[in-house]
Amino acid sequence: MDCQNLTREDCARKLDTDLHAGLSVQEVEKRRAQFGANELEPPKKKSLILRFLAQFSDFMIIVLLIAAGISFATSYIQHNDDYIDSIIILVIVVLNAVIGLIQESRAEKAIEALQKLSSPKARVIRSGKELEIDAADVVPGDLVLLETGDLVPADIRLTKAVNLKSEESALTGESLPSEKSAEFVCSSDTPLGDRHNMLFSTCSITSGHGEGIAVATGMDTQVGRIAHMITSQEAPQTPLQKKLARTGRILGIGALIICLIIFIMGLFQHVEPLEMFLISISLAVAAIPEGLPAVVTIVLAIGMRRMAAKRGIVRRMPAVETLGSASVICSDKTGTLTQNRMTVVEVQNNSGKIGLHSDEAQNILSLASLCSNCTVNGGKVYGDPTEAAIVTACPINKIDLDAKYPRIREIPFSSERKMMTTVHRLDKNRFRIISKGAPDVLFTHCINGGAASQNEEMASRALRVIGVAFRDVDTIPSDDRSIESGLTFCGLIGMIDPPRPQVQAAVKLCKSAGIRPIMITGDHAATASAIAKQLGILEKGSSVMTGAELNRTSQADLEKSIYRYSVFARVSPEHKVRIVKAFQAHGEIVAMTGDGVNDAPALRTADIGCAMGIAGTDVAKAASDMILTDDNFATIVTAVREGRGIYENIRKTVHFLLSCNIGEILTIFVGFLLRLPSPLLAIQLLWVNLVTDSLPALALGVEPIPGDIMNRKPVKPSESIFSGGMGYNIIVEGCLIGSLSLLGYSIGRLWFDVDPASPLIGRTMAFAILSLSQIVHTFNMRSSSSVFQAGLFANPRLVLAAAVCIFLQASVILFQPLAVIFKTAVLTGFQWLIVVLLSLVPLAVVELEKAILSSRYR
């Protein structure tokens, strides 16, 4: 319920509560029944069975299951008890399903983290009595008491506020605590950060005390709305997932079409239906790269480890690759681009700017440090962020200052007075009055005026400006008004939440890589603009849009004008989601960085959400895809480089696997057209796809990242994974591998087999050539330049994988128990020589092609 636009009396009437006695016990029970517990609702969970079954929705998986079913039925009808093909296929499918099932639900974790933030206890007034209750028992209309250190149990309209400040950075994005006033009334569309008469659930009280009426509880609070947005936002599919799904559909449909054509042709040629089923299964197995899902998963897992070593923990595996496609990075300001720590950067007097380390500046800082309520313990400063910045900048330890000039009186700060005054003993009969506060207010208390022009100039640069003045007296005046008159103005202290040191270079690198950096913050437009200009995010030609302007802009209009803006200030969580969706409507891959509760919905909506590991809230971490352990925006740029390298390597892997599969299809298809006995059996094809293809493909996945990767533009989501001539190369190379296998099969069948109708040696040679030529072909995939220039042994993992695969392939031919399973024959030395020579042809042909293309390019 929005009550920021009501006076406290109107709010009490609207909620039918007493400003002094609170609610009666009977009324509390009624409202608990009406509104429920003051808790966040957990998301609806899918059953384990439904989540498991959902893993089988991929088109390639469905085709494989059909092939396994046909294989099983055929073996059963023929009574040959040979179920190994169908068993292997089922094992592959179930293994992929189990891997998918164990991925945790991010929305569920986000809700759990939000629940942990909930205040466990609350103090309320009911029937005129003060009670301490569980926060879950607070109901709308309850009169809640709050003091320094409390967590706010519900959204509250203040009725009393004494020097009250609330830390709301996790919800609004503001780096400073928000000053509160019970008398303040604002419009209904005022941004959260400007609702100074409201407190919000899960925020904390940093100073002062107050009372207020609970106006919203549970899922109706601002943090509850965020929880609802997290559960209602679907995490989008990554570009790689979409492209692999598209590839899977193409391969699956292609396999079915080929099987149908062959089946119809077989019927015309009067081939036995059972034999046609077996050939169809072989083709289905040949067309689908069974190892591809596992290889991609492992390559992404390796990428996750590499990113973790560079301080980026990836929570959702496909997000590794998504980073490489990022074209827009929407970043929160506070704590992400900046340090979330107010820092003194400037001191000025009546004449202008003075050095921070000058005697005059140090004197001004010392006076301001004395006139502060921070505490120092173990070298750390605790208290209000503005005062903490002053105490930290002061050259003299506050403990020593307080001991030398003990405080004997204080006139506390209030949002109405906008200044604070302390009185200190200099010696037995001499006292010093020190005041600090808003400069325009302080100037009216000074006999020497002030520095109005300097104040305006500093404020125009989005600095938070504090004025300092003092007066030495022999006798302390009796009333506050007299104490704070006749002061001598000393100077102005300017502070800001400064940018992180590496961010400016990271923003520059983003732009050179074709990535658009966007600042989204709950802070004021002036502050956001100053930081954005300093970092190079806000440049000539781009503008700032505020949350109020966003409220007046429809989503359609926002999408049309989105590229005009680089900074969005004073925004709410709903605005952040709208901004992300506006960029996504143009096909952009959006990365969102942030650390607060207010960032969580946008983190989940974005294609990849990056949360801060140190300052980030549990909610932001749980809603994210990736956590930056050093809270450094620059780390995301490193992660983008890794992501691009991983995508490049996955393309190499897909190129390699699909060219090998086309070779297998061609071998089976041409063998059928020529009415030859099947050159390869289904189990042999499975062996090639799962073992001698997959291990080298994994080694390709860890190829070093090209040096120019960050000089390229992001990969567009609409761009096919086969772009840049890759589709053509796959077909040509596949035909080459298939032709060599058929040639080896024909040589073995016609020259060495006793019975060409039962070509055991021919099939073994085809099996060996298919496998070994593909192992050789992996070296072609390493680089677009000659493998000898790139270094034949530059990737030791690939060399090791190739050696292991050659050993395994030789084992299924030479080791008798395996030879029985795979239906192979022992080859002679001459037959092995033919196999080796034919297997090396792909290397020679592709090297020749690279040399021709290279000479044309030159």
Do you know which residues across segment 508-525 are in a strand (DSSP E or B) and closer than 19 Å to residue 631 by Cα? 517, 518, 519, 520
Being open to solvent by less than 10 Å² (accessible area, probe 1.4 Å) and not polar (S, T, N, Q) narrows it down to one of 757, 697, so name that one. 697
Please verify whether residue 218 is at pLDDT 75 or above and on the phi > 0 side of the Ramachandran plot, treating the condition exactly as stated. yes
If residue 285 meets every condition in (1) modelled with pLDDT of 65 or more; (2) part of a helix (DSSP H, G or I) apart from one, which number is that one? (1)
Which of the residues that make up segment 733-754 are touching a residue at least 12 places away in the same chain (Cβ under 8 Å) and either among the charged types (D, E, K, R) or open to solvent by less than 40 Å² (accessible area, probe 1.4 Å) (or both)? 733, 734, 737, 738, 740, 741, 742, 744, 745, 747, 748, 749
Does any residue of segment 435-445 turn out to be crowded, with 17+ Cβ neighbours inside 10 Å and on the phi > 0 side of the Ramachandran plot? yes
Going by the conditions given, is residue 483 more than 42 Å from the chain's Cα centre (by Cα), open to solvent by less than 50 Å² (accessible area, probe 1.4 Å) and at negative phi? yes
Subset of segment 554-578 that is modelled with pLDDT of 95 or more and among the β-branched types (Val, Ile, Thr) - its residue that is farthest from the chain's Cα centre (by Cα): 562
Could we say that residue 789 is at pLDDT 90 or above and in a helix (DSSP H, G or I) here? no
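What about residue 386, is it among the polar types (S, T, N, Q) and under 22 Å from residue 441 (Cα atoms)?
In short, yes.
Got a number for residues in segment 766-784 being within 18 Å of residue 727 (Cα to Cα) and open to solvent by 10 Å² or more (accessible area, probe 1.4 Å)?
4
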So, in segment 531-565, how many residues would count as being part of a helix (DSSP H, G or I), of a type outside the set (S, T, N, Q) and open to solvent by 20 Å² or more (accessible area, probe 1.4 Å)? 9
Residues of segment 172-195 being in contact with a Lys or Arg (Cβ under 7 Å, 6 or more places away or on another chain) and farther than 17 Å from residue 151 by Cα, in sequence order, are 173, 182, 186, 191, 193
Do we have any residue at all in segment 672-682 that's among the aliphatic types (A, V, I, L, M), in a loop (DSSP other than H, G, I, E, B), open to solvent by less than 10 Å² (accessible area, probe 1.4 Å) and touching a Leu at 6+ places or on another chain (Cβ under 8 Å)? yes
Can you name the residue in segment 23-52 that is open to solvent by 100 Å² or more (accessible area, probe 1.4 Å) and among the hydrophobic types (A, V, I, L, M, F, W, C) and, of all such residues, is modelled with the highest pLDDT? 49
Unique match (being open to solvent by less than 80 Å² (accessible area, probe 1.4 Å), more than 24 Å from residue 209 (Cα to Cα) and at pLDDT below 90) among 467, 449, 383: 449
Would it be correct to say that residue 769 is out of contact with any strand residue (DSSP E or B) (no Cβ under 8 Å at 6 or more places or on another chain), touching a residue at least 60 places away in the same chain (Cβ under 8 Å) and among the hydrophobic types (A, V, I, L, M, F, W, C)? yes
Filter segment 341-378 for residues that are assigned to a loop (DSSP other than H, G, I, E, B) and touching a Phe, Trp or Tyr at 6+ places or on another chain (Cβ under 8 Å); which is least open to solvent (accessible area, probe 1.4 Å)? 374
Tell me the residue from 176, 158, 192 that is open to solvent by less than 10 Å² (accessible area, probe 1.4 Å) and among the hydrophobic types (A, V, I, L, M, F, W, C), please. 158
Tell me the residue from 435, 460 that is in contact with a His (Cβ under 9 Å, 6 or more places away or on another chain) and not hydrophobic (A, V, I, L, M, F, W, C), please. 435
Please find, among 427, 402, the residue that is over 43 Å from the mean Cα position of the chain (by Cα) and in contact (Cβ under 8 Å) with a residue 12 or more places away in the chain. 402
Please find, among 840, 827, the residue that is touching a residue at least 24 places away in the same chain (Cβ under 8 Å), out of contact with any Cys (no Cβ under 6 Å at 6 or more places or on another chain) and open to solvent by 70 Å² or more (accessible area, probe 1.4 Å). 840
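From 528, 505, grab the single residue that is assigned to a helix (DSSP H, G or I), modelled with pLDDT under 95 and open to solvent by less than 50 Å² (accessible area, probe 1.4 Å).
Answer to the selection: 528.
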Enumerate the pairs (first residue in segment 705-725 and open to solvent by less than 40 Å² (accessible area, probe 1.4 Å); second residue anywhere and among the hydroxyl-bearing types (Ser, Thr, Tyr)) with beta-carbon separation below 8 Å, excluding pairs fewer than 6 apart on the same chain, so at least 6 apart or on different chains. 710/512; 714/325; 714/327; 715/325; 715/647; 721/247
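Residue-wise test of (1) touching a residue at least 60 places away in the same chain (Cβ under 8 Å); (2) within 17 Å of residue 774 (Cα to Cα); (3) aromatic (Phe, Trp, Tyr).
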position: 639; (1), (2), (3): yes, no, no
position: 643; (1), (2), (3): yes, no, no
position: 654; (1), (2), (3): yes, yes, no
position: 662; (1), (2), (3): yes, yes, no
position: 666; (1), (2), (3): yes, yes, no
position: 672; (1), (2), (3): yes, no, yes
position: 690; (1), (2), (3): yes, yes, no
How do the pairs read when you match residues in segment 569-586 that are among the small types (Gly, Ala, Ser) with residues anywhere that are outside any helix (DSSP H, G or I) and surrounded by 23 or more Cβ atoms within 10 Å (Cβ to Cβ), using Cβ under 6 Å and keeping only pairs 6 or more apart or on different chains? 569/521
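The values are calculated or read from the model by the stated rules, or taken from the named source; none is laboratory data. Just so it is clear, the structure is predicted and the values come from calculations on it, not from any experiment. Here the Cβ is made from the backbone with ideal geometry for all residues, glycine too, and neighbour counts use every protein chain on show. Note: accessible area is taken over every heavy atom of the protein model, side chains too, but ligands, DNA and RNA are not part of it. Shrake-Rupley method; radii C 1.70, N 1.55, O 1.52, S 1.80 Å.
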